[in-house]
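The values are calculated or read from the model by the stated rules, or taken from the named source; none is laboratory data. Just so it is clear, the model here is predicted, and its values are computed rather than measured. Neighbour counts run over all protein chains shown; Cβ positions are idealised from the backbone, glycine included.
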Amino acid sequence: MKTKTIYLGVHNKVFGPFDEQELKALKLADYRWIYRSTEAARGWQPLDPMPTAAPQASATQEPKRALIYVAEHPAAVSGTLHEVRARGGWLESEESKIRLTVGAPVRLQLVAPEVRTLNSKIERIETSAHGVRYRLSWDPVQAP
């Protein structure tokens, strides 16, 4: 019987071998490629396939209305999401009365264009005369 040996790769580096049980426990988001010895003829395969839809400039650049909820505060901070990426983005808010802290876990509720909630974390805070910017991070699987 042929053993199932799996290798993972990212940034032109190879990691492994892994077996199926180890693969289930790994954080696959840290890798980009997979090679299975049982499918050697296929070679390296992407872990996350290429998107099938073409990018639409208006959808990716349009700010999204959002609210941040923190367990210790009864009120939410509202603002718009900008520079959204797979692992994070900036929430810009004119509200500065609620003081949030770096490292705080928060619930991010998207209000528009779709209503959705995801767990997030405050990575950085910048203040200006116009308000506050919160650098948020999230799991790329949940990215807005």
Residue check, Val132 against (1) surrounded by fewer than 17 Cβ atoms within 10 Å (Cβ to Cβ); (2) assigned to a strand (DSSP E or B); (3) in contact with a strand residue (DSSP E or B) (Cβ under 6 Å, 6 or more places away or on another chain), all met but one. Which one?
(1)
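Hey, which of the strands (runs of 3 or more DSSP E) in the stretch 16-115, taking only ones fully inside, have at least 3 residues that are touching a strand residue (DSSP E or B) at 6+ places or on another chain (Cβ under 9 Å) and touching a residue at least 40 places away in the same chain (Cβ under 8 Å)? Break it down into steps so the answer makes sense when it comes.
On the way: elements: 33-36, 64-69, 77-82, 88-93, 105-112.
Qualifying strands (runs of 3 or more DSSP E): 64-69, 77-82, 88-93, 105-112.
I want to confirm something. Restricting to the stretch 92-138 and keeping residues that are basic (Lys, Arg) and over 12 Å from Val70 (Cα atoms), which single residue is farthest from the chain's Cα centre (by Cα)? Steps first, please.
First pass over the stretch 92-138, keeping only residues basic (Lys, Arg): 97, 99, 107, 116, 121, 124, 133, 135.
Imposing the further condition that a residue be over 12 Å from Val70 (Cα atoms) reduces the set to 97, 116, 124, 133, 135.
Details: Lys97: 28, Arg116: 14, Arg124: 16, Arg133: 18, Arg135: 12 Å.
Step by step, filter the stretch 92-138, then rank; the result is Lys97.
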Check off (1) among the charged types (D, E, K, R); (2) outside the structural domain of Ile122 (by TED's automatic domain parsing); (3) modelled with pLDDT of 80 or more for Lys64 and give me the number that stays unchecked.
(2)
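Going by the structure shown, is Ser120 surrounded by 14 or more Cβ atoms within 10 Å (Cβ to Cβ), modelled with pLDDT of 90 or more, more than 30 Å from Gly16 (Cβ to Cβ) and small (Gly, Ala, Ser)? Write out each step before concluding.
Values: surrounded by 14 or more Cβ atoms within 10 Å (Cβ to Cβ): yes; modelled with pLDDT of 90 or more: yes; more than 30 Å from Gly16 (Cβ to Cβ): yes; small (Gly, Ala, Ser): yes.
Considered against the rule, which asks whether it is surrounded by 14 or more Cβ atoms within 10 Å (Cβ to Cβ), modelled with pLDDT of 90 or more, more than 30 Å from Gly16 (Cβ to Cβ) and small (Gly, Ala, Ser), Ser120 comes out as yes.
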Considering each of Ala57, Ala86, Ala53, Ala75 in turn, give the residue that is modelled with pLDDT under 85, loosely packed, with under 11 Cβ neighbours inside 10 Å and within 30 Å of Gly131 (Cα to Cα).
Ala57
